[in-house]
1. Considering all alpha-carbon pairs of region 44-154, what whole percent are spaced by more than 25 angstrom?
2. With runs of 4+ DSSP H residues as the only contributors, calculate the mean residue ellipticity of the chain at 222 nm using -39,500 (n - 2.57) per run, divided by the residue total and rounded to the nearest 500.
3. How do 244-250, 361-367 rank on mean C-beta neighbours within 10 Å, highest first?
4. So what is the relative contact order of the chain, in percent, for Cα pairs below 8 Å that sit 6 or more residues apart?
5. Less than 23 Å apart at the alpha-carbon level, and either on another chain or at least 8 residues along: which lysines does that give for Lys505?
6. Would you please give the FRET efficiency between Lys51 and Glu28, computed as 1/(1 + (r/R0)^6) with r the Cβ-Cβ distance and R0 = 45 Å, to the nearest 0.05?
7. At a Förster radius of 60 Å, what calculated FRET efficiency corresponds to the Cβ-Cβ distance of Arg381 and Val16, to the nearest 0.05?
8. Taking the Cβ-Cβ separation of Lys259 and Phe575 as r and a Förster radius of 30 Å, what is the calculated FRET efficiency to the nearest 0.05?
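Just so it is clear, none of the values below were taken in a lab; they were calculated from the coordinates. Owing to the predicted nature of the structure, the values given are computational and were not obtained by experimental measurement. When we count neighbours, we look across all protein chains shown, and the Cβ atoms used for this are built from the backbone with ideal geometry, even at glycine.
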Amino acid sequence: MSNFISTHWGTYKFSVDKNQKLSLTNWESDPSPTEFGIGLADAATDDLRIKQPHVRKGWLENKGKSDGRRGRDNFIPVSWDEALKLASDELLETKNKFGNSAIYAGSYGWASAGRFHHAKSQVNRFFNLFGGFSSSFQSYSYAAAQTLLPHIIGLDLYSTLEEHTTWDALSEECELIVMFGGMPLKNSKVSAGGVGKHVTKEGIKKCYDNGIEFINISPLIDDAPEFLNAEQIPIRPNTDTALMLALAYILIKNNTYDKKFIVKYTVGFDSFSEYVLGNKNNQECSPEWASKITNIPVKKIYELADQIISKKTMISLSWSLQRASSGEQPLWMGITLAAMLGHIGTASGGFGFGYSSVNSTGDSFNRMPWQSLPQGKNKIRDFIPVARVTDMLENPGGEFDYDGKKLTYPDIKLIYWAGGNPFHHHQDLNRLVKAWQKPNTIIVNEIWWNSQARHADIIFPANTALERNDLMLNPRDPTLIANKKAMESFHNSKTDYEIFSGLAKELGFLEAFTENKDELDWIKFIWDRSSKAHQRKDVSFPKFEDFWEKGFFELPKPETEKVMLNDFRKDPNKFPLNTPSGKIEISSATIANFELTDCFSHPYWFEPYEWLGNANKYPLHLISNQPKHRLHGQLDNAPGSLDSKINGKEPVMINSLDASNRDIKNGDIVMLYNARGKVLAGANISDNVMPGVVVLSTGAWFDPDYDLELEKHGNPNVLTKDVGTSSLSQGPTCHTTLVQLRKANKKEISEVSIFKSPEMLSKRS
């Protein structure tokens, strides 16, 4: 029998030695395993684990009212019975006094790769049985794309990700891949829903070995794998749209774009062309114009235009591009540029959104039906775009724009969070901390004493993936994994299912929630339902017992490699896109009718609200990318991430010129700051980043020093602005951030304390 555990960052085998010490090892079938995931075994038993339920002292003394002390208060350990009673009473009181819309059940899908112990599924099932809840829509990773893509190509985001042209297909026909935002391999180490085998490195390498050339358009050399020998074009952050507009300008002026493709497969090109040529606003989108914006020489822009038109070219767009001011525009413009090149629907090029952003993009797999935990239906219609949490808490009843609609923020009295950490992924954390004080009660299921736990009122200690059985069934991964329980529950921690079962019992709907099924019953239920669904696709599953014994099952590979929009290319009348025109909408009448001031009918250059083109007081652009040694904020307390710190702080990459101008040396503790906050980090001097840009990866656990008014660990979201990409999609804009940087003085340097458990009170005082 094989013992597997599958996570968002890979699949591992586990073993327990004679001293009962648990260890993880890479699965030998994985060609490119993620090493940092092995650290989960250490993190699962470290001193930061929450051992039993806790209640915040100030909340217990004044239940039902916020005292402004979240994040600065002591905690009192309580029994499970007391914690469940306190939480269920608060849930019921909130429902009875204010209605279910006053409950915000914030869950994010990265908590577990298992289909049963998926936190969002558990949250949805519980609260839907309780009468509903105010919810969120979108992902922080690609919110702008989720809203835009249906208007432009008629596919929702998940369909787009599943239909990407595979690496194998590209390797046979493509000649040039232009990577706007790069293809950093570290990002491909993860995939929401779990990873069986990592394929991205092999896929990219096959393309390179078959002679495909790569161009990396990014402020970071590291955004392209070293073995590609990619041509590097440094570009000012947030200016990719301007560069692409200039390339379109050259193609139009030289009459070298694919007119047949434009006429047959797109609408709205003429209006777009008028804008590019300057006939609408007296500003040509010329290479000379773009050069001033992007800081790329005019000559290089012309050379790039020659390259993309003379070769079979794929336009690759990273997810990071749209996490910025006007984040819809580079994605829309990238699709438009690909249409002008005429390779969409063929293996020779087209466009991609998120190659190497996650492992699954470009993988060969059949799109198959999957089952999950039945979640019921939410009776509450109130929702927010996922990144608008602070706005919601600050403006109950306030109006906001979203996708052409006027919506209203709900008045939230209780937050229940499981499977996510807003103190990692949300912007302008100092503003969030203030807004976080407003609800009457905040309840969380949490594993460790991270900042989310420390800013809650009632804390339920949750299990890691090592402490439960589950299934890894990722619709974008051909490998199914039997997740075996590797260790008993840590102290008094429980699974989310057990926690919500306890609450359901208190609230009188235990049987409806559990259906008298235990963990293994639900796992078999999901397996059997998935098996029956696959039978209709002529795919036979093994018996559950055989699968559970072996530990994995490989779905058959597709007979032919996927090519995005291939059917549409072959016959646009027979296979029209799900857009009003049935074609690619270079100009969208739908979006035009929204009459937005910050998103027009076609791709457009909007000057970012802060950028290097108008930097003054804060002269450096901050990039907060995915780190190498963890997934977002997950496993920041594991050895891989801890070992990467510089004097206990998160490393910030600084160009040697910027460091020299500030008398900063490798290993110095530095201060990054702007009007929103101050952050300490450890200096890592490198010319892999262009001058004027610094890189502080996301995910360092938020560790504020409220007395010194600074964050002492290196969380970049203290510095990022919390404003939407546009009123169309309201996505996050973390990559539009300017900062100043200097060496920290001794009085400012505080020791990191987030990796020490908070002070507990043994009894109520």
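1. Working: 2575 of 6105 pairs.
Of the Cα pairs, 42 percent sit more than 25 Å apart.
2. Working: 26 runs with 221 residues, N = 765.
Estimated from H runs of four or more residues: -8000 deg cm²/dmol.
3. 244-250, 361-367
4. Values: 1800 pairs, mean separation 160.4, N = 765.
Relative contact order for the chain comes out at 21 percent.
5. Answer for Lys505, where 23 Å is the Cα cut-off: Lys51, Lys63, Lys85, Lys95, Lys97, Lys120, Lys377, Lys379, Lys413, Lys494, Lys517, listed by chain and number.
6. Working: r = 35 Å, r/R0 = 0.78.
About 0.80, to the nearest 0.05.
7. Working: r = 49 Å, r/R0 = 0.81.
Using R0 = 60 Å, I get an efficiency of 0.80.
8. On the way: r = 22 Å, r/R0 = 0.73.
That gives a FRET efficiency of 0.85.
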